[in-house]
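These notes concern the structure reproduced below.
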Amino acid sequence: MDFSRLRRTITRYCVGEEIWVGSRTVYIGHKEPPSCAEAYMPQHYPDNRIVSSKYTFWNFIPKNLFEQFRRIANFYFLVIFLVQLIIDTPTSPVTSGLPLFFVITVTAIKQGYEDWLRHKADCSINECPVDVVEQGKVVRTQSHKLRVGDIVVVREDETFPCDLILLSSSRYDGTCYVTTTSLDGESSHKTYYAVPDTMAFRTEQEVDSLHATIECEQPQPDLYKFVGRIDIYKDKQEPVVRTLGAENLLLRGATLKNTQHIYAVAIYTGMETKMALNYQSKSQKRSAVEKSMNAFLVVYLCILISKAVINTVLKYAWQWSPDRDEPWYNHRTEIERQRHVVIRAFTDFLAFMVLFNYIIPVSMYVTVEMQKFLGSYFIAWDEEMFDEELGQGAQVNTSDLNEELGQVEYVFTDKTGTLTENNMEFIECCVDGNVYIPHAICNGQILSAASSIDMIDSSPGGYRREYEDLFFRALCLCHTVQVKEEETVESIKRGIHQGKLGYTYLRLKDSYMEILNKDDEIERFELLHVLNFDSVRRRMSVIVRSSSGEYLLFCKGADSSIFPRVVSGKVEQVKARVEQNAVEGLRTLCVAYRRLSESEYLEASHRLTEAKLALQDREQRLAQAYDIIEREFVLLGATAVEDRLQEKAADTIESLHKAGMKVWVLTGDKMETAAATCYASKLFRRSTQILELTKKRTEEQSLHDVLFELNRTVLRQRSISGLSVDCLDFGLIIDGATLSGILKPSQESAGHGNYREIFLEICRNCSAVLCCRMAPLQKAQIVKLIKSSKEHPITLAIGDGANDVSMILEAHVGIGIMGKEGRQAARNSDYAIPKFKHLKKMLLIHGHYYYIRIAELVQYFFYKNVCFIFPQFLYQFFCGFSQQPLYDTAYLTLYNISFTSLPILLYSLVEQHVTMETLKREPSLYRDIAKNALLRWPAFLYWTCLGVFDAVIFFFGAYFLFDNTTFTSNGQLMTTNTQMMFGNWTFGTLVFTVLVFTVTLKLALDTHHWTWINHFVIWGSLLFYVIFSLLWGGIIWPFLNYQRMYYVFMQMLSSGPAWLSIILLITVSLLPDVIKKVLCRAVCPTASEHAQSTRPCLTVEPSTIFMLSQSSSRMSF
Amino acid sequence: MLSAGVVIPGFFVIGLAFIGIGVGLLITSRSIQVLELDYTGTETNSPCYKCTTPPVQNNCVCKLNFTIDTLFKGPVFFYYSLTNYFQSQRKYGASKDYNQLSGDLTYFKSPASDCDPYQYANGKPIVPCGSLANSMFNDTFKLYQIINGQEKLVPFDGKGIAWWTDYNIKYRNPDYSPLKNAFNDTVKPVFWSKAAYELDTSDATNNGFVNQDFLVWMRRAALPNFRKLYRRITEGDYKDGLPVGNYSLEISYNYPVISFDGTKKATFSNVSWMGGQNEFLGIAYLVIGSMCVVMSIVMLIVYAKFRFPDDD
C-alpha cells in the first residue's frame, strides 16, 4: 500500500509533474472524463475504515507500556524498580514493583477495555451496510469498502457513511435536510443543496450516466468550511463548472431527515472525513494545584536525593575506622572487598535512594486521578444544576480542572445568551422615524397573531406607506430561515413578529420566496443571492427580484454596520431612537435597502459568483465582494427587541463580586445596550463611577492622554479611599477600537511607557469592566492579556456562542452555556452548564470544595510519606548506615496502597469544611482560598515540619523504649511465664503501628463532614491494618524465603508497655496540630472558621449531592 | 470537631489520665532492681583484664565478685549486654538461610548465597551458615553465692528464654536421630567451638537450631546497644530471689568486643507487669500529661481573652 504510494510519488517527481497538494480530483463513479486534457490518474485515498482505536492486538503491550512510561512518575518508579533488580538493595524489587505493576496493569486494563470497545464500535460502523450505485444498479456493500468517487444512496434517517457531495435528492428542488446533532450538538435541521445540473437525476441509471469530476481541497477539520468545484461533462462539450461549498457537503456522522433518499458522491473517506479529523483532542490545561504539586514533588525529590547523599557520606565517614568498616562479626565477601570504593559508594547511594523512594508515592498520582475522575461525576450529578427545560445537568468535559474552579480571580462573561436569555421579545419598531409598538405587551407577552399593531402615528400617507411595506418586506425576506412544509412558522426569531405586523413569510419554493401580505395576497420574490451573516460584518443581505422585475437589496444588521453605509432616509430620527432603545437595554437592528439597476445587479452578481467560484481565499474574496455590494443604502428603520436577563444573573454577579472575583463583560453589542445590561445585572451600581475608554473619547483626546488621566483618577481615589471606609468603586467601559489601540505595540513605547501596563493598572482598580464592540478574537486577546499580566491570575471565561469559543479555549477554565446558539461553546469548554446562575454553585461550592479537598489531599500525601520515610532515615544512624529497612516489605508495599489510601480518597471526595448553605450564603468565604492559599510554601512547610516532628516522635519514642532497657514481652501467650527480648522487626512494627494510627487519626481530626462512609473507611482502614498484621505474622507463609514477621505483631501486642507507648506516641504526635488549630482559631480565625463555629459543624446535614457521593463511593469501592 | 468546648476539657481529662498512668509506671519502674556488672576487662583493675591482654589464652576464665545488700526479689533474670555492636547491619542480618534453619536438608548441602562469606568452608557447606550464626555469643556464666567462703552454685534456668514460636514453629531441626547424622558432610561455623548438635551437652532437646541461646542470638537486636536474656533464676533456694550476701560470677571469657570498642556487661534484673526497668515511659507520660493540663489552662486563658465564638 505504502509502496504504491511511494512509487507514484517518485514517478510524479520523475515526470516533473506539478503536485498540487492543496486539492484533490475526484472522478465521480470512477469514470474517466470523456475529453479530458489531463490524463486520468487514479489517485490513492484511504478506504472508508474508521479507526478510532489506538492499539491493535499486537502492538497493545509495547505501545501501551510506552505511553504509560512516558509519564514522569511512572518512569521514576520504573527506574527505582530496575535499580532494585540490578544492585543488591535493602528492599526487594517487589516493594516498588508490585505497586507499579498494579498501577500499570489497572491503567492498561482500563485502556485496553476502552480500546476494545472502540474496536467493537469501529467494527460495527465499518461493517454497516451501504448502498452504492454500480453500473446503474444499487449494490449493497459494507461501509469500509467505500472508495472516494463512489456514488452512494442514503435513505431517510440513515447516517452518512463518509463525507459526500450531494448530487440529487428525492425532493424536486434538490435540497435535503440534515441534522448534525452528533457532530456539533445542534439539533436543528439544516438544508443542503445539490448543484443545479445534477439535481434532476432521479434514478440510479441517470445518476450513473453522470460524467463529472470534482476538484476540492484536501480534507480539513473545520466542519463549516469546504471549497470545491464540480466539472460536469455533457455531450463531450466543454465542462460546466459549478462551485461547491459547505452547503453541498454532507458530513459523515450527520443524519438525513425529511428526505426520502439522496444520491451523493464520496469525496473524503475513512480517517480523512471531517468527523475523524475532529477527533483530535484539544491541548490540555493544567491546574494551578497541579503546578504546585509538581513543585512540591521537585522539593521532595531534592529531599530524597539529599537524604541519600547525607547517608552515603556519613556512612563512609563513619566507616573510616576499619573495625567499623568491617568488624570481625560481619565480614565482607571477597567480591565486595575487591570492588572499588567509588563503585561501592555509588551502589550505596542507589541503595539509599531505593530505601527512601517511598517518599514520593506512586499512589498519589492514582489517588489524585481517581479523585478528579470521581469528583467530576459528582459535579455532573448535581441536581441543583439540572435544568428542567433542557433536560440536562452540568457537563464535565475535563476532570483536571475541578479545583481550579475554586481559584478563579477574573470572570469573563459574554452578554447575549450568557447573562441574558437570548430569547428575543419584540418591543417596537421604528419605520422612517415613526415608532410602532404592539399594543399588548402589558404582561410581558406578545399576544396571538390576531392582535394587530397599534400605530402611534396612525396617519400613513402614501409615501410613508411605501416605506412601511418595504420595511416589513425586508424583514420577511432578509433571513435564512427554512420553513418545512409540514411545520408552521414557529419559534424562529422573526417569524412571529412579522405575523403580527401583517406580513407572513411562507416558504422558499424554487428559489422564490413567498410572503403573505396584509391583504392576504401572496407576493413572490425570486431569491437571487444571500449575503450571509457573519460576526465581522455584523449584517446580512439578500438580493431579490420582485414580481415587477425590480432588483432589491435588503440589508439588516447592527446599527454601527449600517449607518456608515446609509446615504438617505431619516437617519437622525432613527439614530436617536436606536440610541434611546440601547440605553433601555434593548437590542436594535437596522434595516436598509437599495434598489439595484439591471447593470448594477449583473455586476454584483458577477462579483459574487466569481468569489464563490474561487478555489482559494474564497472567504476573503467574498468579504471584498460584500463590502462593495453593501453600500449606498436607504435607511428604512430599526427594530428593537428585548433580551431579558437570565434568572438570578444579578444575584450571581453580586456573589461573584463578594467572592472577590472581578467580572468582565465582553460583548459584541454596542456600548449603551451593554451598559444597560450591566446596570441591570448589578455589575455596575448606582455608586459605581464609570470610566470610559471609548472611541468617542479618544477622538477628542489622544489615547495616551485619556489613559493617563484615567490612571490618575483611579490612583487618586485609591489614596483617598485608603482613609475612608466606604470606597468608591470604579467601572470601566472600553470598546473594541480603543482596545486594539492599546494592544497595538506602540512605536513610541520608549517615550510614553507601555499602554498595556497602564491599562492593566486601571483595570486592577476597577471592580467591573465592560468591553463592548468586541470581535471574537479580541475577547481571547483580553483574556490572554490578563492571564499574562504580572500577577498571573486565574481566569474563567463563560459564553454560549461560537464567538466565545476562542476565549473559552484561552482562559484557564472555560465554561460553556448550553444555549440557543448551538453547542459549539459547550463542546469546546471544560465545563458546560445550562444557565449562568449555575456558575455560582460551580465556583463558590464545587470549586471551593474541590480546592480544599485536593489541597488537603496533596499536603496530606506528602505529610504521611514524610512520617513514613523519615524514621527509616533516622534508623540508618543506628544500623551502621547499612540501608537496613525499618519496616517489613509488606508494610513498605502496602502502606500507601491500602493502609492509608482510602480515608484520604474519601476525604477528598466528600469533605465539606463548612456546609453548602453557608458557602452559598457567604460568598466572601471564597476569598479564604484565593491565590492558592492552602498550597503555598508556608503551608507546605508546616505540613512537612509536622511530618518530620511526628516521625521524630515515632522513632525516638520507640528508641528510648528499646535502648538500654529491657523492653520485653510479658508472655501471656507463652507456656511459661517468661520474658522475651524484642528484635529489630518488633521495633519497626511498633513505629509502623504508631505511624498508621497517627496519620489516619490526623485525617479524622481534619474531617469536618462525617458520613457513615467516613467512619467506615477510617475505622475500617485501621481495623484492616490490625487484621492484616495479625494474619501476616500469624502464618508461616510458604512463598516467602524469610519469616521475619512471624508472630512479631502478636508478641508486641502481648506486651503492656507496647500498648502504653503506642497510646503515648499517637497522642504526642497529634498534640501540636490540635493545639495549633485551636489557638489559631481563637487568635486569628479565617472567615471559614468563623462560619464553621457560627453553625456547629457536628450537625451532619446530608444534602443531595452527598447522598449521591455516598452511594457512588460505595459502588466504586 | 475541634471546638474549644471539646478540646479544653478533653485536654484536661487526657492530661490527668496521663499523669495517673505516668505515676503508676514510674513507681513500678522504681521498684525494679537492676544490677549491672561490666566485665569487658579494659581497665587494669578488672578481673577480666587478663583475658584481654596478650597473650590471649583460650578458655580464659575470670571471676567477678559483688555484694547484694537487700534481697533481690525473684524471679531474677540474668542478661548479657553488648554495646556498639551492630546486629542491625543489613548484610549481617540477612546472612542466614531460613530454609536451612527450618530443617530443610537440601539447604544443608547448598546453603543460600546470602550466607557468603560463611557459606562454605574448605569446600564443605557450613550449617548453620552465615555471619549471624557464626558470630553467636559464646561467653558462659556461672553464679556462685559465697557462704562462709564456700561457693554455692546458683542454679540457672535456660528454658523458655526464647520466643515460644521460634522454638516450636519457626526453627526446626531435621528429623534425624541422632541429630548428629543430619550434619554429615557439613562443617560447623568457623568461629564456633562446638557443632550445632552439641551446643547443650546436658539436654539433648536443647540442641541444633532450637537451642535457646542460639534462638536468642538469632533474634537481631534493633539498636547497637542491646541486652539479651541469658538465664533465669527460678529454682531451688533462689526461687524468691537472691538473698543478701556475697556472690561471684564466673565468666568464661571468649567473645571479643574490644576491637570495635564494645563493652560487655552482665545484668541482673527482676521484672514487673510492664517488663524491665524503664523510667522513660513513666516520665514521658508525666511530662505529656502535665503539658496537656498546662495547655488546657493556656487555652482557657486564650479563650477567655479572645472569646471563642463557639459557645454562644
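Here is the P(r) of segment A:130-272: all C-alpha pair distances, binned every 5 Å from 0, give 2, 10, 21, 25, 23, 13, 4, 1, 0 in whole percents. Report the far tail of the P(r) of segment B:214-312, meaning the percent of Cα-Cα pairs longer than 17 Å. For segment B:214-312, the share of Cα pairs beyond 17 Å comes to 75 percent.
Give me the inter-chain shielding for B:283-290: mean count of other chain Cβ atoms within 10 Å, whole number please. Mind dumping the intermediate values first?
Working: counts 1, 8, 5, 0, 2, 5, 2, 0.
Mean inter-chain Cβ contacts per residue within 10 Å come to 3.
Over segment A:1010-1055, the pair-distance histogram of Cα-Cα distances with 10 Å bins from zero comes to 27, 37, 23, 12, 1 percent, rounded to whole numbers.
Stick to Cα atoms and the Kirkwood definition of Rh, then tell me Rg/Rh for segment B:143-182.
On the way: Rg = 17.8 Å, Rh = 13.6 Å.
Taking Rg over the Kirkwood Rh, I get 1.31.
Remark: mean inter-chain Cβ contacts per residue of A:1041-1048 equal 5, using a 10 Å Cβ-Cβ cutoff to other protein chain atoms.
Could you order A:Glu647, A:Glu761 by accessible surface area, starting with the largest, using a probe radius of 1.4 Å?
Working: A:Glu647 100, A:Glu761 45 Å².
Accessible-area ranking of A:Glu647, A:Glu761, largest first: A:Glu647, A:Glu761.
For the pair A:Tyr193 and A:Arg524, the difference between a 0.36 nm per residue extended length and the Cα-Cα distance amounts to 117.0 nm. Inter-chain neighbour count for A:880-891: the average number of beta-carbon atoms from partner chains within 10 Å of each residue's beta-carbon is 3.
On average over all directions, what projected area in square nanometres does the protein assembly as shown have, based on the convex hull of its Cα atoms? Before the final figure, lay out each step's value.
On the way: hull surface 287.4 nm².
If you wrap the Cα atoms of the protein assembly as shown in a convex hull and average its projections, you get 71.9 nm².
With R₀ set to 25 Å, the beta-carbon distance separating A:Val298 from A:Phe102 gives a calculated FRET efficiency near 0.50.
A:Tyr365 exposes around 40 Å² of accessible area when a 1.4 Å probe is run over every protein chain in place.
Relative to the 2.2 N^0.38 Å rule of thumb, segment B:34-270 has a C-alpha radius of gyration ratio of 1.06.
Summary of packing: across the peptides B:154-166, A:768-780, the per-residue average of other C-beta atoms within 10 Å ranks them, highest first, as A:768-780, B:154-166. Largest mean-square fluctuation among B:Ile32, B:Ile146, B:Ile301, in a Gaussian network model of chain B whose springs join Cα atoms under 10 Å apart, belongs to B:Ile301.
Assigning unit charges at the beta carbon (Lys, Arg +1; Asp, Glu -1) and nothing else, what dipole magnitude in debye, to the nearest 20, does chain B show about its Cα centre?
Numbers: 28 positive and 27 negative charges, 71 e Å.
So the magnitude is around 340 debye.
For segment A:130-272, the share of accessible area belonging to carbon and sulfur comes to 47 percent (1.4 Å probe, ligands and nucleic acids excluded). Protection proxy ranking of B:221-232, A:220-231, A:804-815, B:260-271, by the mean of other Cβ atoms within 10 Å over each peptide's residues and highest first, is A:804-815, B:221-232, B:260-271, A:220-231. Can you tell me the orientation of helix B:279-306 relative to chain B, as the angle in degrees between its alpha-carbon axis and the longest Cα principal axis, to the nearest 10? Helix B:279-306 sits roughly 20 degrees off the main axis of chain B. Our summary gives chain B a relative contact order of 39 percent, counting only alpha carbon pairs under 8 angstrom and 6 or more residues apart. Segment B:40-76 and segment A:377-434 have Cα centres separated by 90 Å. P(r) tail, segment A:197-302: Cα-Cα pairs separated by more than 16 Å, 71% of all pairs. Rg then Dmax, both in Å and based on the Cα atoms of segment B:96-153: 18.7, 56. Of all aspartates and glutamates in the structure, those lying under 15 Å Cα to Cα from B:Lys228, and not within fewer than 8 positions of it along the same chain, are A:Asp963, B:Glu36, B:Asp38, B:Asp139, B:Asp157, B:Asp213.
The simple Förster model, with R0 at 22 Å and r as the Cβ-Cβ distance, assigns A:His606 and A:Glu550 a FRET efficiency of 0.70. Projecting the Cα atoms of A:Gln135, A:Thr180, A:Gly149 onto the charge dipole of segment A:120-221 (Cβ charges, centred on the Cα centre) puts A:Gln135 farthest toward the positive pole. For segment A:233-334, the solvent-accessible area works out to 47 Å² per residue, with a probe of 1.4 Å and every protein chain left in place. Model label sites at A:Trp1012 and A:Arg685, defined 7 Å from Cα along the beta-carbon direction, differ in position by 4.7 nm.
Write down the accessible area per residue of segment B:34-270 in Å², having rolled a 1.4 Å probe over the full set of protein chains. Display every interim value, and only then the final one.
Details: 10000 Å² over 237 residues.
Result: 42 Å² of accessible area for each residue.
Counting only heavy atoms of the protein chains and using a 1.4 Å probe, A:Arg49 has close to 100 Å² of accessible surface.
For a straight C-alpha distance cut-off of 24 angstrom, the lysines reachable from A:Lys190 (same-chain residues fewer than eight places away being disregarded) are A:Lys225, A:Lys257, A:Lys274, A:Lys484, A:Lys493, A:Lys509, A:Lys556, A:Lys612, A:Lys820. Only bridges with both residues in the protein assembly as shown count here: give the DSSP antiparallel percent, nearest 5. Within the protein assembly as shown, antiparallel bridges account for around 80 percent of the total.
Starting from the Kirkwood Rh over alpha-carbon pairs, what translational D in µm² s⁻¹ does segment A:46-127 have by Stokes-Einstein at 10 °C and 1.306 mPa s? Could you put the intermediate results ahead of the total?
Numbers: Rh = 14.6 Å.
Using the Kirkwood radius from Cα pairs, D works out to 109 µm²/s.
Put simply, chains B and A cover up around 6900 Å² of each other's accessible surface, both sides summed, when a 1.4 Å probe is used. Relative to the longest principal axis of the Cα atoms of chain B, the long axis of helix B:4-30 makes an angle of roughly 40 degrees.
Normalising by the residue count of segment A:130-272, find the relative contact order in percent from Cα pairs under 8 Å and 6+ residues apart. For segment A:130-272, the relative contact order is 39 percent. The solvent-accessible area of A:Val139, taken with every protein chain present and a 1.4 Å probe, is close to 50 Å².
Considering only Cα-Cα distances, which of the following residue pairs are longer than 26 Å: A:Lys696/A:Lys787; A:Lys291/A:Lys864; A:Lys864/B:Lys91; A:Lys662/A:Lys837; A:Lys285/A:Lys682? Don't skip to the end; give the middle numbers.
Details: A:Lys696/A:Lys787 28 Å; A:Lys291/A:Lys864 20 Å; A:Lys864/B:Lys91 29 Å; A:Lys662/A:Lys837 16 Å; A:Lys285/A:Lys682 31 Å.
Violating the 26 Å limit, Cα to Cα: A:Lys696/A:Lys787; A:Lys864/B:Lys91; A:Lys285/A:Lys682.
Cross-link partners for B:Lys180 among the lysines, with Cα-Cα distance under 21 Å and sequence neighbours closer than 8 places in the same chain left out: B:Lys96, B:Lys109, B:Lys124, B:Lys170, B:Lys188, B:Lys194. FRET efficiency for the pair A:Ile87 and B:Tyr120, taken as 1/(1 + (r/R0)^6) with r the Cβ-Cβ distance and R0 = 25 Å, rounds to 0.55.
The values are calculated or read from the model by the stated rules, or taken from the named source; none is laboratory data. All figures in this text were calculated on a predicted structure; none of them were measured in a lab. We place every Cβ from the backbone using ideal geometry, glycine too, and count neighbours over all the protein chains shown. Areas reflect the complete protein model, heavy atoms only, side chains present, ligands, DNA and RNA absent. Shrake-Rupley method; radii C 1.70, N 1.55, O 1.52, S 1.80 Å.
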